[in-house]
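Trainee: Pasting a structure below so you can have a look.
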Amino acid sequence: MKEKADQGKESLVEKEKSHSNHSSTVTPLILDETDKVILQELQDDFPLVQEPWLEISRRLNISQAEVLTRSKRLIEGGAILKVGPVLNPSAIGLTAATLVAMRVPKNKISKVARVINEHRNVTHNYERENEYNVWFTLAAPTSEELAITLDEIKRKTGVQERDILDLPTVRRFKINMRFQLAKMTS
């Protein structure tokens, strides 16, 4: 189990390297209508069946090989970052959550991002053009564990308390990002 956890941490660092620039400067892929419909299916109604890719191919009336080839291209091109569930943190025991903003010197952003990404309970990590230029979300089973993790991140990054905004979750209003791709024009 520990080996699997360590592999997950390694993949986060690799993911940070390979997906470190998903901003508006990324060149968008050219999507045809079939690509858009596949993306819509993956986003809105991924089938929980024995052979999900076959089910999607049936729904779209194209071959399973085409669904897989196109999906692989969309993943490699950065259009799809992950295929997997969006979990409800509180339903799985992560009842403490916060949004953290940090002021980080430009030349230290990559190092700070790697330190942040070492923590399995960090769900998102972004660079922004702002005084507070590194933002991340953190979830934990308790407020105490959340504080311990944030203290460790502060210690390892060397970011001073005065350069950190800790904005604990009070109430969640929405956790769903859906794009209407099949309706987009090229």
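Trainee: Looking only at segment 144-186, filter to residues that are polar (S, T, N, Q) and modelled with pLDDT of 95 or more; which one of those is nearest to residue 98 (Cα to Cα)?
Mentor: 149
Trainee: I'd like the residue in segment 48-96 that is β-branched (Val, Ile, Thr) and in contact (Cβ under 8 Å) with a residue 40 or more places away in the chain and, out of all such residues, is surrounded by the fewest Cβ atoms within 10 Å (Cβ to Cβ).
Mentor: 86
Trainee: Any residue in segment 104-122 that's not assigned by TED's automatic domain parsing to the domain that holds residue 136: show its pairings with residues that are among the aromatic types (Phe, Trp, Tyr) at Cβ separation under 7 Å, as long as the two are six or more apart or on different chains.
Mentor: If the second residue must be among the aromatic types (Phe, Trp, Tyr), no pairs are left.
Trainee: Any residue in segment 93-103 that is more than 30 Å from residue 154 (Cβ to Cβ), at pLDDT below 95 and under 22 Å from the mean Cα position of the chain (by Cα)?
Mentor: Looking through segment 93-103, none of the residues is more than 30 Å from residue 154 (Cβ to Cβ), at pLDDT below 95 and under 22 Å from the mean Cα position of the chain (by Cα).
Trainee: Let me ask something else about it. Here is a check on your reading of the model: is residue 144 touching a strand residue (DSSP E or B) at 6+ places or on another chain (Cβ under 9 Å), part of a helix (DSSP H, G or I) and of a type outside the set (S, T, N, Q)?
Mentor: yes
Trainee: Can I ask one more? Please go through segment 119-142 and pick out each residue that is of a type outside the set (A, V, I, L, M) and under 14 Å from the mean Cα position of the chain (by Cα).
Mentor: Within segment 119-142, 119, 120, 121, 123, 124, 125, 126, 127, 135, 136, 137 qualify.
Trainee: Separate question: Across segment 68-92, which residue is farthest from residue 46 (Cα to Cα) among those that are under 19 Å from the mean Cα position of the chain (by Cα) and of a type in the set (Val, Ile, Thr)?
Mentor: So the residue we want is 92.
Trainee: Could you tell me how many of the residues in segment 158-174 are loosely packed, with under 10 Cβ neighbours inside 10 Å and of a type in the set (Val, Ile, Thr)?
Mentor: The total comes to 1.
Trainee: Kindly check whether there is at least one residue in segment 64-74 that is assigned to a helix (DSSP H, G or I) and β-branched (Val, Ile, Thr).
Mentor: Yes: one or more hits.
The values are calculated or read from the model by the stated rules, or taken from the named source; none is laboratory data. Owing to the predicted nature of the structure, the values given are computational and were not obtained by experimental measurement. Don't worry about glycine lacking a Cβ; one is built from the backbone with ideal geometry, like all the others, and counts go over all protein chains shown.
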